[in-house]
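Right, one structure below, let's go through it.
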Amino acid sequence: MRDEKNVLNFLKEENDVPKNIADKLDEDRISIFKNNIGSKKYTNKKYFFILLTAAMISIFILFNHEIASAFMDIFGISNDIAVSKVEEKGIDTSQDIISESNSKKITLTKFVSTPKKYAFDYKIKLSDDELNTIKELINKQKEFDPKHREGNQDIEYTLSDSTNKSQETEGGYFSYSTYRIEGNTLYGSVISTFTSDRIAEEAKLFLNIKSLSWGDYEILNSNIQNGEPPYELPTALKFEGDWIFKISNKPVINKSKVKTFDDRNINNISVDNDALQTTVKFSIKNETSKPYYVEVYNGEKVVKPIIESTEESNGNLQSFEITIDFSSYDKSSIYKFDVKEVNDINTWEMGETKGSFKIRNVK
């Protein structure tokens, strides 16, 4: 059974949510985790989710300021630090594939994948009416949440491997989706990370975009202020179709040996990586009544993990699993993991560091 300590990584990311909104959401979110939803894995013909994130995904998209804002500040997958490392190695990520459905053309401009992560860029022309509608919805979003800029729309898609028809590989544990508008063209980006290797080395991938949609934050805000659940973002504009893209480049297969050092009070460190991500698992004794929180640094810069989860096991031994955008091609960066005590979950006042360690890829 999960307790409130186990959702702190999620709730901390939302500490900038307006208090009147956060108060309405916190009780339900904790209840979700106490019901042990996170231990179940759901599948259907469209998506494969780890429900720990699936239960939170709509809340994350709407309210996770630090993660979402950081991604919205950088448009295009080349600005992802791990994707940039792949491109620096001379690996081609470019695509130029046009697919038309329901009188709409979408162009896939970039795509890159590894066994646990994939990313793509696309663009689509907008009519004047569509452009005006989206701009109006963006303005409503800014009023609802001034920290967010344009860039929050839902995209439904699948990623399939024609060599393995037993299941689709789309979805993932967590995905970022954002866009920008220049003139009458919308430029979109998606980055998705799995919890385990899902894309085969010889995979022949097909990307199928099924819809793009935008919500009306004015209605959402009204529902929240009036206490009228569910607090869901109503769809105001939607493009539906069947845009199919045959990916021309193969998955990037590259791993690196990782050195762990300067570890203090940390147990059972294990690291797995590929060209687009690194997953770190470890545990630490927690003999206090206070929760622990992990802060990750690349030099002096704070790193926001793609995925982070906490589990209780073996009495007071607390285990963590954290995935970051650390490429196996990156031989210069050093990442530090600090496990800190949380003195006050209301103000997120951090206490002393209880354990730490560093990692780097071996040259």
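The values are calculated or read from the model by the stated rules, or taken from the named source; none is laboratory data. What you are looking at is a predicted structure, and each value in this text was computed from that prediction instead of being measured. Note that each Cβ is placed from the backbone with ideal geometry, even for glycine, and that neighbours are counted across all protein chains shown. Side chains are part of the model used for accessible areas, which takes the heavy atoms of the whole protein and leaves out ligands, DNA and RNA. Shrake-Rupley method; radii C 1.70, N 1.55, O 1.52, S 1.80 Å.
Annotations for the structure displayed:
- Residue match in the stretch 261-277 (condition: among the polar types (S, T, N, Q) and in contact with a helix residue (DSSP H, G or I) (Cβ under 9 Å, 6 or more places away or on another chain)): yes
- Unique residue being at positive phi and either open to solvent by 10 Å² or more (accessible area, probe 1.4 Å) or at pLDDT 95 or above (or both) when the list is Asn298, Asn314: Asn314
- Given (1) touching a Phe, Trp or Tyr at 6+ places or on another chain (Cβ under 9 Å); (2) open to solvent by less than 10 Å² (accessible area, probe 1.4 Å), number of the condition Asn267 does not satisfy: (2)
- Filtering Glu218, Glu240 for residues that are among the charged types (D, E, K, R), at pLDDT 95 or above, closer than 30 Å to Glu130 by Cα and open to solvent by 20 Å² or more (accessible area, probe 1.4 Å) leaves a single hit, Glu240.
- Of all residues in the stretch 300-311, those that are free of Cβ contacts under 8 Å to residues at least 12 places away in the same chain have Cβ atoms under 9 Å from Cβ atoms of residues that are part of a strand (DSSP E or B), 6 or more apart or on another chain, in Val302/Glu295; Val302/Val296.
- A single member of Thr178, Thr195 is touching a residue at least 60 places away in the same chain (Cβ under 8 Å) and in a loop (DSSP other than H, G, I, E, B), and it is Thr195.
- Selected residue (only one of Lys304, Lys285, Lys246, Lys290 is open to solvent by 20 Å² or more (accessible area, probe 1.4 Å), within 19 Å of Tyr118 (Cα to Cα) and over 20 Å from the mean Cα position of the chain (by Cα)): Lys246
- Per-region count, the stretch 221-242, residues touching a helix residue (DSSP H, G or I) at 6+ places or on another chain (Cβ under 7 Å) and either hydrophobic (A, V, I, L, M, F, W, C) or not in a loop (DSSP other than H, G, I, E, B) (or both): 5
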